[in-house]
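Inspection log for the structure reproduced underneath, given as structure tokens.
The values are calculated or read from the model by the stated rules, or taken from the named source; none is laboratory data. Remember, predicted model here, so these are calculated numbers, not experimental data. A quick note on method: Cβ atoms are made from the backbone with ideal geometry, for glycine too, and the neighbour counts reach across all protein chains shown. For accessibility, only protein heavy atoms count, side chains too; no ligands or nucleic acids. Shrake-Rupley method; radii C 1.70, N 1.55, O 1.52, S 1.80 Å.
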Amino acid sequence: MTLGLIAIGAGIAALCGAGAAIGMGNATGRATEAIARQPEAAGKINSSLMFGLIMMETCAVYALLVSILIVFILGAKVV
Amino acid sequence: MQLEVSLYPEPFYVGGVNVGLSVLMGWCALAIVIVGLVLLNLLVVRRMKAVPSGAQNVLELMVDGAYRWCSGKVGDSANVITPVVLTLMTYVFLTTIAEMFGLPAATQDLNCTIAIGLCVFVTVNVAGLKHHHGLKGRIKGLCSPSPIVFPIRVVTDCIAPCSVAIRLFANVMVAGIVMQLIYAVVPIALPAAFAAYFNIFDAGIQTFVIGLLTIIYTSEAIE
């Protein structure tokens, strides 16, 4: 019972990845549009895109870390 | 089989004192860097010529590229932060790529990444104070659109080292755990393909990100 609840909690924590994925898709799509409209600004657009992607990726990695810690550390305590 | 996952580094005793395995790996990376730099100094830097050739070309390309990358974003403050950025990138790359050789990565330990985060914090603030000519100008810069945002910007600046520390730690730790899981499921052939991504590519990405974050935080501090 408790183990099942821990697994559900880990799954919910990992759902944060969905939000990060939507954000990344949006940002990359908009950046591509912007570069198509103004190819000479590609360098600046790319660097700000990189910064945004890093922030989103950080968010997803936090979620992954939380879910992995829930599974291994909390799960090991129960079993 | 049982997977061992722990937030704490594996113990390693030097003269009865537990220093942790990751600290030892950090020292090894430092030793490699120092030996490499002494060799470079003896073999290349002493024999530098006005017209570069061979290894001197590569060195000048690296240093010049880093300076241009930084000064494109932070202008004159590139003189302050470029050496720190290059140093941090070398250290992060060496300690993270150690995972590929079956050694524990020093950046898998939160102690190491918090130290890196504090280095970034000090660098950013030194660059900011230098650009604004002292504390008064820096505070004025923090109040820039209106004084209401001052506390928010102070908190943002203080969160920066935590953010740098935890993101690096989480990335390296999660990559290590995922590789352990893959080894546990399929011990042959498949791990090699995934190691290319989780060990080599990830180390490169983390190296690039730590440099980029330092530059971005500096460009926020000097605006």
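Filtered by the rule that a residue be at the interface with chain B (Cβ under 9 Å from one of its Cβ atoms) and either under 13 Å from A:Ala14 (Cα atoms) or in contact (Cβ under 8 Å) with a residue 24 or more places away in the chain (or both), region A:39-57 gives a lone residue, A:Glu57. Residues in region B:145-165 that are aliphatic (A, V, I, L, M) and open to solvent by 70 Å² or more (accessible area, probe 1.4 Å) were compared, and the one that is farthest from B:Gly102 (Cα to Cα) is B:Ile148.
Helices (runs of 4 or more DSSP H) fully within region B:54-132 that include at least 1 residues being under 25 Å from B:Ser22 (Cβ atoms) and of a type in the set (A, V, I, L, M, F, W, C): B:78-97, B:110-132.
Which of the residues belonging to region B:40-68 are more than 22 Å from the chain's Cα centre (by Cα) and open to solvent by 80 Å² or more (accessible area, probe 1.4 Å)? Within region B:40-68, B:Leu42, B:Leu43, B:Arg46, B:Arg47, B:Met48, B:Lys49, B:Ala50, B:Val51 qualify.
Scanning region B:206-215 for residues that are open to solvent by 10 Å² or more (accessible area, probe 1.4 Å) and within 9 Å of chain A (Cβ to nearest Cβ) yields a total of 1. Taking (1) exposed (fewer than 10 other Cβ atoms within 10 Å of the Cβ); (2) within 16 Å of B:Leu110 (Cα to Cα) in turn, B:Tyr13 satisfies each apart from (2). For region B:69-89, the set of residues classified as away from every other protein chain (no Cβ under 14 Å), of a type in the set (S, T, N, Q) and open to solvent by 40 Å² or more (accessible area, probe 1.4 Å) consists of B:Asn79, B:Thr87, listed by residue number. Identify, please: which residue in region A:63-79 is open to solvent by 60 Å² or more (accessible area, probe 1.4 Å) and within 17 Å of the chain's Cα centre (by Cα) and is, among those, farthest from the other protein chains (Cβ to nearest Cβ)? The extreme case among them is A:Val66.
Scanning region B:184-196 turns up one or more residues that are within 14 Å of another protein chain (Cβ to nearest Cβ), farther than 21 Å from A:Met55 by Cα, part of a helix (DSSP H, G or I) and touching a residue at least 24 places away in the same chain (Cβ under 8 Å).
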